[in-house]
Every structure is written in C-alpha cells, then in structure tokens.
C-alpha cells in the first residue's frame with residue numbers, strides 16, 4: 001500500500017535558471033540518491049509518480065512551490081524532508097512536507 005507526500009519547496013539563486021523539465025529530473029535523481037521508496041509508473045519506460053503542481057518560467061524565483069510524490073513504503077514527512085534536503089543543490093530547499101490523505 002502506498003501513499004503520497006505533498007511538499008513545499010523554494011527555488012532561489014542560480015536555480016532560477018533551471019528549466020521545469022530539468023527540475024523534475026533533478027528531484028527524481030535526488031529522491032533516488034536519498035533512497036526513498038518511490039512508486040513507479042508501469043509500462044515500457046517507468047518513472048517515479050512525481051509532479052510539480054505549477055511550472056515556473058525560466059528565470060523566476062519562488063519561495064513556495066508545491067509538489068507531490070507517490071511512495072510505496074512508509075517514510076515519515078520529517079524523514080522525507082531531511083533525507084531529500086541532504087541531496088538537493090544550493091538554491092533548492094524543502095520548506096515542509098506532509099502526508100497527503102488522498
């Protein structure tokens with residue numbers, strides 16, 4: 001049984017020049033390095049069930065962006081935040097994380 005975590009992050013500094021697609025790849029790689037139990041899509045090219053709620057234009061900073069990730073195993077929101085925080089580059093910061101009840 002899996003569940004989802006919704007988290008808020010900031011994108012500041014030099015990270016504003018990272019495109020939306022590259023940001024998706026960056027988070028996916030960071031989550032894999034953090035050894036989080038990612039729930040994958042099925043099919044020919046599986047990828048994590050991850051979405052950033054709103055795509056930012058290139059060059060735009062933000063201090064509160066929402067994203068959701070589906071996990072297949074239990075990780076507390078606090079552990080999720082700490083594990084992911086260690087893998088992110090300067091300019092990206094996880095502000096908070098909470099278990100999504102949907």
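Quick rundown of the values:
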{"item": "Region 2-31-region 41-102 distance, computed between alpha-carbon centres (Å)", "result": "6 Å"}
{"item": "For the chain, calculated [θ]222 nm from helices alone, where every DSSP H run of n ≥ 4 adds -39500 (n - 2.57)", "result": "-7000 deg cm²/dmol"}
{"item": "Candidates 45, 19, 64, ranked by Gaussian network fluctuation over the chain, Cα under 10 Å, top entry", "result": "45"}
{"item": "Footprinting exposure proxy for 14, 25 (fewest neighbouring C-beta atoms within 10 Å first)", "result": "14, 25"}
{"item": "Contour minus Cα-Cα distance for residue 28 and residue 95 (0.36 nm per residue)", "result": "22.4 nm"}
{"item": "The chain: most fluctuating residue of 30, 70, 55 per GNM, C-alpha cutoff 10 Å", "result": "55"}
{"item": "Choice from 60, 18, 75 with maximal GNM fluctuation in the chain (Cα, 10 Å cutoff)", "result": "60"}
{"item": "Helix axis angle, 20-33 relative to the chain longest principal axis, alpha carbon, degrees", "result": "50 degrees"}
{"item": "Pairwise label distance in nanometres, residue 14 with residue 54, each label 7 Å out on the Cα-Cβ vector", "result": "2.7 nm"}
{"item": "FRET efficiency estimate (nearest 0.05) - Cβ-Cβ, residue 41 to residue 78, R0 25 angstrom", "result": "0.40"}
{"item": "Column: log10 I(q)/I(0), Debye, Cα scatterers of region 3-100, q = 0.19, 0.21, 0.23 Å⁻¹", "result": "-0.89, -1.08, -1.29"}
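Bear in mind that the values in this text are calculations on the coordinates, not laboratory data. Bear in mind that the values here come from a model prediction, so they are computed numbers and not experimental data. Ideal geometry is used to build each Cβ from the backbone, glycine not excepted, and the neighbour counts take in all protein chains shown.
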